[in-house]
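First comes the structure, then the notes that go with it.
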Amino acid sequence: MTQTTDKELASVYNARETEKEIYKFWEDNNCFKADSSSEKEPYSIVIPPPNVTGVLHMGHALDGTLQDILIRYNRMLNKEVLWMPGCDHAGIATQNVIEKNLAKEGLSRFDLGRDKFIEKTWEWANDHKNRILEQFKLLGASFDLSRKRFTLDKGCSDAVKKVFVDLYNKGLIYRGSYIVNWCPRCQSAISDIETNYEEQEGHLWEISYALKDTMGAIVIATTRPETMFGDVAIAVNPSDYKYKDLIGTSCVMPLTGRVIPIIADEYVDKSFGTGALKITPAHDPNDFEVGLRHNLPQIKVIDEKGNMMSNEFVPPQLQGLTREEAREKTVKMLEENQVLVRVTKHKHNVGTCQRCSTTIEPLLSRQWFVKMKPLAEPAIEAVKSGKIKFIPQRWEKNYLMWMENIRDWCISRQLWWGHQIPAYYHNETGEMVVALENPDPKNYTQDKDVLDTWFSSGLWSFETMGWPDTNCADYKKFYPTNTLVTGFDIIFFWVARMITMGLEFTKKPPFSTVFIHGLIRDEHGQKMSKSKGNTIDPVDLIEKYGCDALRFTLTYLCTYGGQDIKISDEKFEFGRNFSNKIWNASRYVLMNITKSQKELELDFDNLTIADKWILNELNETIKGVNENLESYRIGEVAGQLYDFFRSKYCDWYVELSKIEKNEAVLVYVLAQFLKLLHPIMPHITEAVWQKMPQIKESKAILKANYPKYLPELKFEEDSKKMETVFETIKALRNARAEFNIPLGSKIDIVLDKNEDLYSQIIPYLNRLAKVGAVKFEKDCNIPKSAYCNVLDTKITIPLEDLIDLKQEIARQNKKAEKLITELKSVEGRLNNDKFTSSAPEDVVQKTKERKDELTKEIALIKETIKKLS
RNA sequence: GGGCGUUUAGCUCAGUUGGUAGAGCGCCUCCCUUACAAGGAGGAUGUCGGGAGUUCGAGCCUCUCAACGCCCACCA
């Protein structure tokens, strides 16, 4: 092997060095800039904005790669493309990071105060905000950074305010006291979808409440005894005969002696527990509903920190305890008072905070909500009518089910990092004004709460395009966008909200296709997470294998069904090896070009069958790749290109070119292949492209035209002939291997027919199967020979002493057996009248042809065996 | 409780309207043939989760059972 210091000729591809150079070339030439004044057809994608303080993870790598593939493909279709980049302020997530840092210094956000805290968070965000988009560059992302946005920038903030005020004025945003999911650690309300449920092993406590007016008691069952101090009633099912006489009477609560009514409500399940249910409207969502129906008071006994409150309802010895402590103590007290009837183990689901896993406290709280039903209707219609379609389609069902059962969205958060709610209260009268600006900063104070992060990301598709200025160039050119690419995990959080908000405020679906891909998992199928320590850093992979290798491997693993993708570090060797193969094959081609640019034009009058074959294969690949890109079968595209390049171009055409070459075809096919592959492996294709001498339509491959199927490149007949040649070479190689004939010694062959074809390709046989003399003879009869048949051509390989006749007979028998099995099945079908009458004509025809082939081949083999015996 | 997904070679997974199973990695044999050993040539390996059905024909369609996984709902 020759080593050279010249990196242009290095036999091992240096991915990182090339990638850095190429990306810089694109940036220096402003290649990613979108022109809103262009006449070209637009194509746009908005990035799912990553967390401003985040780092690139494998999910981004996949999501970003797929977006970049679509962007680059459409750019090569000569469209005006815009990939809009940006970041999300990620309210709770970011605030948690800052609070954690403060905690290291023993401080809480309250020690700093709101202004100082926000200032600190901005500092952090500004320090980190370029990091993740810089990392996206390592992925080869061809987004337009000149348009970079941030959900807390002026434009987005203005859009958020306008949307809030408009929705409020339309009556679609309201404020009220309801049960919400409260996270005592975040000290904030969170929405239903930010609440996860996990099954926990708990207890069911049965507690006896004495009847007030008569002897006896009613026993209720609860999983949360500490909430009993907030009880306002006992409810039973109206049809429950056990309790029929008690409805309308009262009972006396243990421990506090407070008197509460016994009521009847359909909600109560007769068969669960004791059939009697304590009603605690301030701490349970279902009890809250029951309470409203019966006009019951709401008594809060647990505060926002999750501690027992200090009020007249909570016994003094429990006041100030945590929920957990209070539960233990309450049970003890109940036991001491002999009102604890029974304790059983009970599995139940407990709500936890998506961000910090703290157990949720359902809490009565005054919050802002979006009335979702009216907004959901057009969003449902848009998907049902096909104006927006999901790929894979099965997600539509998921989306529709959620939308059709939508509940109001709690949008206020008791955080500091985010869009402060544009509601202002008069300092004295408390009068509320919802407006874009504070009507009178002296006398009005703004609502302390901020909005759910997803409120602003829900506007992302149009707020980034200049909305509410619907006359601005970007909005007019690039909105609505075309494709949204994301994982299924944020369909409800983000996709659904963008569709509702987009339709409400722009009257247009914000995108026409939602392309959903799977999640990246570790090699055992586990979700990757820092806490599990099973993450793989895409930046490391890029350093180790190259960005193109990462992109190609991920793309290759993408299935149309959007299955999750299991990865391990070593899997990326696949992409790296392919990069190296491309590099070396290109190197070979470049080293072998002797002709001038003019002479490298395709000359259709001067093509060998090998040339026609590879052009035909290329053309078929072009067809498949275009179809698959249009239908989002991206993994299939990678597969087809891999197969074409390795198994067709390198294994055969390049090898054949060492015997007899058509430089024009060699270069043409490589150039077309590079263009086809460019969206997936942008750097290496650009690097090779720029070294190629042939006449090019574009200096940068990124702006070249994507190859289209060309009827003039269809050479069906000659391709078939060439396939026969390959079969022959394989058969000869196989025979050589079986008889261990060293490469040094050539084999002579005798063919019994098809002189026309084979005499053309004698040099191929010489070189690729190490064949010596080639003779044509009808009835060749050399006893000590090996045989192979290609279609109906019989090839005799005289081997003299090299051959073990028994071995050759066995070899032939084995071949015959296989064919006979197939022949039997084929004949079975053809002898079946039902098959011949009901199967499609072409299938029957093909089966007949196959039968003839098999019959001929088997006859030849039998004849061979006879001769050998 | 409702919905969805998965089960195919030793491993990881493809398999687009039903026509008789493929890739990568791994394994065995041979080869440093001047593009590439991150390579090349040849080879072995699967009653396509079980069962039933529809069909001339099922990995693919229908039903059923099983295992694993996910989402939604939230029964105290």
> Restricting attention to the stretch A:533-580, which residues are open to solvent by 60 Å² or more (accessible area, probe 1.4 Å), more than 8 Å from RNA strand B (Cβ to nearest atom) and basic (Lys, Arg)?
Replying inline: A:LYS544
> Out of (1) touching a helix residue (DSSP H, G or I) at 6+ places or on another chain (Cβ under 9 Å); (2) open to solvent by 50 Å² or more (accessible area, probe 1.4 Å); (3) within 15 Å of RNA strand B (Cβ to nearest atom); (4) not in a helix (DSSP H, G or I), what's the single condition that is false for A:TYR632?
Replying inline: (2)
> So which residues in the stretch A:240-262 are more than 13 Å from RNA strand B (Cβ to nearest atom) and farther than 24 Å from A:LYS329 by Cβ, if there are any at all?
Replying inline: A:TYR241, A:LYS244, A:ASP245, A:LEU246, A:ILE247, A:GLY248, A:THR249, A:SER250, A:PRO261, A:ILE262
> If you check A:PHE492 against the conditions, is it open to solvent by 40 Å² or more (accessible area, probe 1.4 Å) and in contact with a Phe, Trp or Tyr (Cβ under 6 Å, 6 or more places away or on another chain)?
Replying inline: yes
> Yes or no: A:ASP284 under 16 Å from A:ASP231 (Cα atoms) and open to solvent by 30 Å² or more (accessible area, probe 1.4 Å)?
Replying inline: yes
> Which ones in the stretch A:686-728 are surrounded by 22 or more Cβ atoms within 10 Å (Cβ to Cβ) and without any contact (Cβ under 8 Å) to a residue 60 or more places away in the chain?
Replying inline: A:TRP689, A:ILE701
>> Give me the residue from the stretch A:188-219 that is near RNA strand B (Cβ under 10 Å from one of its atoms) and loosely packed, with under 13 Cβ neighbours inside 10 Å and, out of that set, farthest from A:HIS346 (Cα to Cα).
In response: A:TYR197
> Could you list, in sequence order, the residues of the stretch A:443-476 that are of a type in the set (A, V, I, L, M) and over 17 Å from A:ILE173 (Cβ atoms)?
Replying inline: A:MET465, A:ALA473
>> All but one of (1) of a type outside the set (S, T, N, Q); (2) more than 30 Å from A:THR608 (Cβ to Cβ); (3) free of Cβ contacts under 8 Å to residues at least 60 places away in the same chain hold for A:LYS846; state the number of the condition that does not hold.
In response: (2)
> Going by the conditions given, is A:THR65 assigned to a helix (DSSP H, G or I), of a type outside the set (Asp, Glu) and within 26 Å of the chain's Cα centre (by Cα)?
Replying inline: yes
>> Condition check: more than 21 Å from A:ASP651 (Cβ to Cβ), open to solvent by 10 Å² or more (accessible area, probe 1.4 Å), of a type outside the set (Asp, Glu) and within 8 Å of RNA strand B (Cβ to nearest atom). Does A:ASN584 satisfy that?
In response: no
>> Scan the stretch A:396-410 and tell me whether some residue there is away from RNA strand B (no atom under 16 Å from the Cβ), open to solvent by less than 80 Å² (accessible area, probe 1.4 Å) and either within 30 Å of A:ILE634 (Cα to Cα) or in contact with a strand residue (DSSP E or B) (Cβ under 6 Å, 6 or more places away or on another chain) (or both).
In response: no
> What number goes with the only condition from (1) crowded, with 20+ Cβ neighbours inside 10 Å; (2) free of Cβ contacts under 8 Å to residues at least 60 places away in the same chain; (3) among the polar types (S, T, N, Q) that A:SER745 does not pass?
Replying inline: (1)
> Taking the stretch A:609-629, which residues are more than 11 Å from RNA strand B (Cβ to nearest atom) and open to solvent by 40 Å² or more (accessible area, probe 1.4 Å)?
Replying inline: A:LYS612, A:GLU620, A:LYS623
> Which residue out of A:LYS818, A:LYS794, A:LYS784 is basic (Lys, Arg) and either open to solvent by less than 30 Å² (accessible area, probe 1.4 Å) or farther than 28 Å from A:LEU765 by Cα (or both)?
Replying inline: A:LYS794
>> The conditions are (1) in a loop (DSSP other than H, G, I, E, B); (2) within 16 Å of RNA strand B (Cβ to nearest atom); (3) modelled with pLDDT of 90 or more, and A:THR274 fails exactly one of them. Which is it?
In response: (3)
> Can you find a residue in the stretch A:687-706 that is among the polar types (S, T, N, Q) and within 16 Å of RNA strand B (Cβ to nearest atom)?
Replying inline: no
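The values are calculated or read from the model by the stated rules, or taken from the named source; none is laboratory data. Note that the coordinates shown come from a computational prediction; the quantities given were computed from them, not determined experimentally. Positions of Cβ are backbone-derived with ideal geometry, glycine not excepted, and every protein chain shown enters the neighbour counts. All accessible areas refer to the heavy atoms of the entire protein, side chains included, with ligands and DNA or RNA removed. Shrake-Rupley method; radii C 1.70, N 1.55, O 1.52, S 1.80 Å.
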